Structure formats: structure tokens, C-alpha cells
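Quick notes on the structure that follows.
The values are calculated or read from the model by the stated rules, or taken from the named source; none is laboratory data. The structure presented is a predicted model; accordingly, all values stated were derived computationally and were not measured. All Cβ positions, glycine included, derive from the backbone under ideal geometry; neighbour counts span all protein chains shown. What goes into the accessible areas is simple: the full protein's heavy atoms, side chains included, and nothing from ligands, DNA or RNA. Shrake-Rupley method; radii C 1.70, N 1.55, O 1.52, S 1.80 Å.
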Amino acid sequence: QVQLVESGGGSVQAGGSLRLSCAASRSISRFSFMNWYRQAPGKQRELVVNIADGGNTYYANTVKGRFTISRENAKNTVYLQMNSLKPEDTAVYYCYANDFRTGYWGQGTQVTVAS
């Protein structure tokens, strides 16, 4: 079993920045993908960004140019730098680690962006 712990959420004004962290209880290099999802009230959970073990990244169109994912394998941690935040970025952000057989979710961290 792997535990993922997110941190760094909070409340900011539109245009502000936050950096989320996802710390894993074991090596993240074993996972094919490290992902950040988000779920806004009344909406489905959606994939925001991910990073593959080889370093390739995917960004949803809604966050391209504003969000950046990075990983620090030595610390078993993945980061999500969020700049130019918008009210529509308000959601609970979840870290998800997966390989081709299984996946693990974190408990989520709330991000609230005020207009």
C-alpha cells in the first residue's frame, strides 16, 4: 500500500499562485504516471496534468501555460506550481499515482480562488 499526502492548498486571489506537493510513502519512480486531478463542486473529477516516469508531461488545455508539474524522485514528491490562478480553478486537488496494474489516491487539498 502507498500513501500519498497532498499539501499546499489554500485560498488566494485571482492572479495569485500556489504550489501543491504530493509526498509518497515509497519511491515514485516505480509509477508510470504521477497525476494531479481536481474536482469542483457539482462536477466530475478531471485530469489536470501528469508526468510520466520518462519525464513526458500532459496538461489540460485549461491550465496550459499556467500550471507546471515537476517531480523530485529523491524526495518521493511531485509538485504542481499553479500561477495566474482563476476562480474556475477552485476545486479539491488530488494526487494519483499509477502503474499499469493499480493506482493510489491522496486525500485531496482544497484550492479556493477568489475573484
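Numbers below:
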| item | result |
| --- | --- |
| Number of positions in the stretch 1-55 that are without any contact (Cβ under 8 Å) to a residue 60 or more places away in the chain, touching a Phe, Trp or Tyr at 6+ places or on another chain (Cβ under 8 Å), hydroxyl-bearing (Ser, Thr, Tyr) and more than 17 Å from Pro87 (Cα to Cα) | 1 |
| Per-region count, the stretch 1-23, residues closer than 14 Å to Ser70 by Cβ and part of a strand (DSSP E or B) | 5 |
| Flag if Ser29 is under 11 Å from the mean Cα position of the chain (by Cα), open to solvent by 50 Å² or more (accessible area, probe 1.4 Å) and within 19 Å of Trp105 (Cα to Cα) | no |
| Count of the stretch 10-26 residues which are under 15 Å from Thr77 (Cβ atoms) and either open to solvent by 50 Å² or more (accessible area, probe 1.4 Å) or not hydroxyl-bearing (Ser, Thr, Tyr) (or both) | 7 |
